[in-house]
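Worksheet for the structure shown next.
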Amino acid sequence: MYMKKILCLLYLLSIFCFSHAQNENTYLEQNIDSTLSGMTIREKAGQLNQLDGRGTIENLKILIRKGEIGSVMNVTEPEVVNELQEIACKQSRTGIPLVFTRDVVHGFKTMLPIPLGQAATFHPELIQEGARIAAIEATEHGVKWSFAPMIDISRDARWGRIAESFGEDTYLTEQMAIAVVNGFQGDDLSNPQSMAACAKHFIGYGAVEGGRDYNSTHIPERQLRDVYLPPFEKAVKANCSSIMTSFNDNDGIPATGNKKLLKDILRKEWNFDGVVVSDWGSVTEMIKHGFAEDRKDAARKAIEAGLDMDMSSKAFIQNIEELIAKGIVSEETLNNAVRNVLRLKFRLGLFDNPYTDINKRKETYSDKHLAIAKKIAEESVVLLKNESHTLPLSSEIKSILIVGPLSDAPHDQLGTWTMDGETERTQTPVKALREMYGDKVKIHFVKGLEYSRDKNKTNFNKVLAEAHQADAIIAFIGEEAILSGEAHCLADIKLQGAQSELIKILSGTNKPLITVIMAGRPLIINEEVSLSDAVLYAWHPGTMGGNALADILFGKVTPGGKLPVTFPKATGQIPIYYNHTNTGRPATGKEKPLDEIPLNAKQSVLGHSSYYLDLGAQPLFPFGYGLSYTSFEYSDLKTDRAVLTLKDTLSISVKVKNTGQYKGTEVVQLYVSDLFGSVTRPVKELKGFKKIELSPNEEKMVIFELPLYELGFWNIDMKKEVEPGKFKIRIGTDSQSGPETFFEVK
């Protein structure tokens, strides 16, 4: 009887919540329609016009008074934000507030590691905290809409924007997308400390030809739906406020004018009711694509495809009135776009509270924010090699030499897209090591090379002289911030300048050599890894990177990061990623390397499998790879049943034991292989991960619950289904290790 009462109360509560939500939504739409009804065509077009606010703002003020701007980018002085907002609210005829935007990609003032580094944490909850502090700092400066997260699947390290991505895996990117959206937007979008998220770039931008930015993609629909679209769908389900179209054309259609993407998939299939904004100038760039005849045609194709807001090109504000007057574009099409923009502004609470509180106590650079930034940096660092337990540095080490162009590079350490980062706040490795551990070891410091592209070896003799006085050497190498990010693609992703030569001479000293790499992408580091005793990959770690690395080097923190992207042995291996489909002749690992092929060999001697004569088929480091100061043992992998039906959930358990001497964290990774299907399937796919902490000799049972619908894919009939058949499970420390078991779906 008691249980029945509880269930009845829960039922009534659910009805109340549903009714309340419906009433709120009805009220919102009534406000939108009421506002829309009093607007002229010009004012409606103005709401779709987004302009850059950098430089002189006098012209902006004129346009705002006339109601010809709906959104302003890159104004971050709260006093100026309020001044422009007051003009919009009190001096324009409609009184519609502006929404101020910025690329808050990995922090605002307190810079977090680049997104690729954040993905290496495999810790979505922590990344959500990072996004929350970014929102708090950005909104203090008047920014209410961020152009992030960037959730392009990125399998080509030549592409500069891989730094902004969460790597090559769809599932990991989904989890990070949800985390950033929730962190930015919070529980209530109208909260003064919340800002709208923008999932970008829709769609396929990470697959540009040759890794060249702004280029074309050729992604078939099945791959689009299985690999590239799911993170965006997850972002939409997490109530992401906006979507940004990508620069690329796919199969000949630029994303900004792609009706199937913007209307059929985004609006009809996913029921998205937020704003679709173009990337910078991408409306009129459809002319250069050869997809639009002129600016007027570009405006027509974009708005009819489902674009709501034109970033910077002014094509909408200049052409929509004429297009409607001539009956080329319907007013209803315009109204629908304006509704979406107004809906965002109402949800942000801008009609009730358009101003930024400049008297509120600021949280920018607070101790809490710096602590979160340090924690993310710590968890992002990946230990790639640790021969003879070189790390952590033992008490026997009495002096160290710090060397390398990234050892004290406060600007470069912050990484790409750090327009608001302040170098004077950056904690560099040499600064942190001196302050935190200078009383424990003697620190020698010779930079050796001034920046990553530096080829001047004048100081190498000084480096060697100092090296002979030290017990261990820590070399900080990598790439400058400007070498990754938008429009910073590379045909060869090797280390620049004389860095490789620096590592060679340091290796020749026979002192323990620890190489720390800061970069915006995977670099080709075969030789540097072989010459070093220990290697840490730190990405561009942000404001608190130096402190995080100092504690890792001295063992206060045990590294536990995992690679969110496959590391190639050479640029020629690209694209290389773990979840590829199989060929009819996959590599076996027994192929002859180039130097073992005899002279005058017959063709058959070389074998018939998919590999490179000079590199084989394996990467330098696989997806999910990352060592620890301790070690972990996996055992007793079990499923709760061997045969399941399509509606079941599979329970999977595995024991993980810390078999080393240090307390450490481990990312337990679940991979599933669909052994056959109506179309070829990936050799394996990440379907879950859990981050656990274990003390020495501690053992934990890790349990995954896998709903079978997560095994669905777009089959030969282009329907998303789970197909019956046999599956293999692997759980391990990376994508290539761990125990295996099998199950069957009937």
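The values are calculated or read from the model by the stated rules, or taken from the named source; none is laboratory data. These numbers were taken from a predicted model, which means no experiment stands behind them. Neighbour counts are summed over all protein chains in view; Cβ atoms, including those assigned to glycine, are modelled from backbone coordinates with ideal geometry.
Among residues of region 360-402 being in contact with a Phe, Trp or Tyr (Cβ under 9 Å, 6 or more places away or on another chain) and of a type in the set (S, T, N, Q), the one that is farthest from ASN510 (Cα to Cα) is THR364. Scanning region 304-346 for residues that are closer than 19 Å to ASP33 by Cα, in contact with a helix residue (DSSP H, G or I) (Cβ under 8 Å, 6 or more places away or on another chain) and assigned to a helix (DSSP H, G or I) yields a total of 11. Within region 529-555, the set of residues being among the hydrophobic types (A, V, I, L, M, F, W, C) and under 17 Å from LEU384 (Cβ atoms) comprises VAL529, LEU531, ALA534, VAL535, LEU536, ALA538, TRP539, ALA548, LEU549, ILE552, LEU553.
So that you can scan it fast, the table gives a plain yes or no per residue for (1) crowded, with 24+ Cβ neighbours inside 10 Å; (2) at pLDDT 95 or above; (3) not in a loop (DSSP other than H, G, I, E, B):
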position	(1), (2), (3)
GLY117	yes, yes, yes
GLU125	no, yes, yes
ALA134	yes, yes, yes
GLU137	no, yes, yes
ILE162	yes, yes, yes
GLU174	no, yes, yes
GLN193	no, yes, no
HIS201	yes, yes, yes
TYR214	no, yes, no
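When ALA432, ALA465, ALA409 are screened for being more than 17 Å from ALA548 (Cβ to Cβ) and not acidic (Asp, Glu), only ALA465 passes. Can you pull out the residues in region 279-329 that are on the phi > 0 side of the Ramachandran plot and either buried (at least 22 other Cβ atoms within 10 Å of the Cβ) or at pLDDT below 95 (or both)? Within region 279-329, just GLY306 meets the criteria. Within region 224-245, if we keep just the residues that are within 20 Å of ALA299 (Cβ to Cβ) and in contact with a Ser or Thr (Cβ under 8 Å, 6 or more places away or on another chain), the residue that is surrounded by the most Cβ atoms within 10 Å (Cβ to Cβ) turns out to be THR245.
GLY624 meets all of the listed conditions (1) part of a strand (DSSP E or B); (2) at positive phi; (3) crowded, with 17+ Cβ neighbours inside 10 Å but one, namely (1).
Could you count how many residues in region 704-746 are hydrophobic (A, V, I, L, M, F, W, C), surrounded by fewer than 13 Cβ atoms within 10 Å (Cβ to Cβ) and part of a strand (DSSP E or B)? Of the residues in region 704-746, 1 are hydrophobic (A, V, I, L, M, F, W, C), surrounded by fewer than 13 Cβ atoms within 10 Å (Cβ to Cβ) and part of a strand (DSSP E or B). Taking the listed residues GLN50, GLN30, GLN22, the one that is at pLDDT 95 or above, surrounded by fewer than 19 Cβ atoms within 10 Å (Cβ to Cβ) and not basic (Lys, Arg) is GLN30, with no other qualifying.
Checked against (1) farther than 30 Å from LYS690 by Cα; (2) part of a helix (DSSP H, G or I); (3) of a type outside the set (D, E, K, R), VAL529 passes all but condition (1).
Among the residues of region 173-193, the ones that are among the hydroxyl-bearing types (Ser, Thr, Tyr) and in contact with a Lys or Arg (Cβ under 8 Å, 6 or more places away or on another chain) come to 1 in all. Among residues of region 428-449 that are on the phi > 0 side of the Ramachandran plot, those with a beta-carbon under 9 Å from a residue that is part of a strand (DSSP E or B) and among the hydrophobic types (A, V, I, L, M, F, W, C) at least six positions away or on a different chain give the pairs GLY448/VAL403; GLY448/ALA475. Screening ASN600 against (1) at pLDDT 95 or above; (2) outside any strand (DSSP E or B); (3) loosely packed, with under 13 Cβ neighbours inside 10 Å leaves a single unmet condition, (1).
Exactly one residue among ASP648, ASP674, ASP636 is within 30 Å of the chain's Cα centre (by Cα) and of a type outside the set (Val, Ile, Thr), and that residue is ASP674.
Looking only at region 46-68, residues that are in contact with a Gly (Cβ under 8 Å, 6 or more places away or on another chain), touching a residue at least 40 places away in the same chain (Cβ under 8 Å) and hydrophobic (A, V, I, L, M, F, W, C) come to 1 in all. Just the residues that are under 14 Å from ARG161 (Cβ atoms) and either assigned by TED's automatic domain parsing to the domain that holds LEU483 or aliphatic (A, V, I, L, M) (or both), please, taken from region 204-225. Passing the criteria: ALA207, VAL208. In region 81-115, the residue that is surrounded by the fewest Cβ atoms within 10 Å (Cβ to Cβ) out of those that are of a type in the set (Lys, Arg) and under 30 Å from LEU483 (Cα atoms) is LYS109.
If you go through region 36-52 and keep only what is in a helix (DSSP H, G or I), touching a Ser or Thr at 6+ places or on another chain (Cβ under 9 Å) and closer than 17 Å to GLY274 by Cα, you end up with just GLN47.
Picking from residues in region 53-69 that are in a loop (DSSP other than H, G, I, E, B) and in contact with a helix residue (DSSP H, G or I) (Cβ under 8 Å, 6 or more places away or on another chain), the one that is surrounded by the most Cβ atoms within 10 Å (Cβ to Cβ) is ILE69. If you go through region 411-430 and keep only what is buried (at least 16 other Cβ atoms within 10 Å of the Cβ), among the β-branched types (Val, Ile, Thr) and assigned to a helix (DSSP H, G or I), you end up with just VAL430. Checking LEU433, LEU406 one by one, the residue that is hydrophobic (A, V, I, L, M, F, W, C), in contact with a Gly (Cβ under 8 Å, 6 or more places away or on another chain) and not in a helix (DSSP H, G or I) is LEU406 and no other.
Regarding region 677-686, can at least one residue be identified that is in contact (Cβ under 8 Å) with a residue 40 or more places away in the chain, over 24 Å from TYR578 (Cα atoms) and not β-branched (Val, Ile, Thr)? No, region 677-686 contains no residue that is in contact (Cβ under 8 Å) with a residue 40 or more places away in the chain, over 24 Å from TYR578 (Cα atoms) and not β-branched (Val, Ile, Thr).
Within region 204-242, the set of residues being closer than 24 Å to LEU189 by Cβ and among the hydroxyl-bearing types (Ser, Thr, Tyr) comprises SER241, SER242.
Quick check on ASP408: is it in the same structural domain as LEU549 (by TED's automatic domain parsing) and either in contact (Cβ under 8 Å) with a residue 12 or more places away in the chain or buried (at least 17 other Cβ atoms within 10 Å of the Cβ) (or both)?
Considered against the rule, which asks whether it is in the same structural domain as LEU549 (by TED's automatic domain parsing) and either in contact (Cβ under 8 Å) with a residue 12 or more places away in the chain or buried (at least 17 other Cβ atoms within 10 Å of the Cβ) (or both), ASP408 comes out as yes.
Listed by first and then second residue, the pairs with beta-carbon distance under 7 Å, at least 6 apart or on different chains, first residue in region 658-676 and surrounded by fewer than 18 Cβ atoms within 10 Å (Cβ to Cβ), second outside any loop (DSSP other than H, G, I, E, B) and among the aromatic types (Phe, Trp, Tyr), are THR659/PHE632; LEU675/PHE727.
I'd like to know if region 343-353 contains one or more residues that are among the hydrophobic types (A, V, I, L, M, F, W, C), under 30 Å from ASN82 (Cα atoms), in contact with a Gly (Cβ under 6 Å, 6 or more places away or on another chain) and outside the structural domain of LEU536 (by TED's automatic domain parsing). Let's see the steps before the verdict.
The initial filter retains those residues of region 343-353 that are among the hydrophobic types (A, V, I, L, M, F, W, C), namely 344, 346, 348, 350-351.
Still in the list and also under 30 Å from ASN82 (Cα atoms): 344, 346, 348, 350-351.
With in contact with a Gly (Cβ under 6 Å, 6 or more places away or on another chain) added as a condition, the list becomes none.
Looking through region 343-353, none of the residues is among the hydrophobic types (A, V, I, L, M, F, W, C), under 30 Å from ASN82 (Cα atoms), in contact with a Gly (Cβ under 6 Å, 6 or more places away or on another chain) and outside the structural domain of LEU536 (by TED's automatic domain parsing).
The set of residues from region 555-597 being hydrophobic (A, V, I, L, M, F, W, C), in a loop (DSSP other than H, G, I, E, B) and touching a strand residue (DSSP E or B) at 6+ places or on another chain (Cβ under 9 Å) comprises LEU563, ALA570, ILE576, ALA587.
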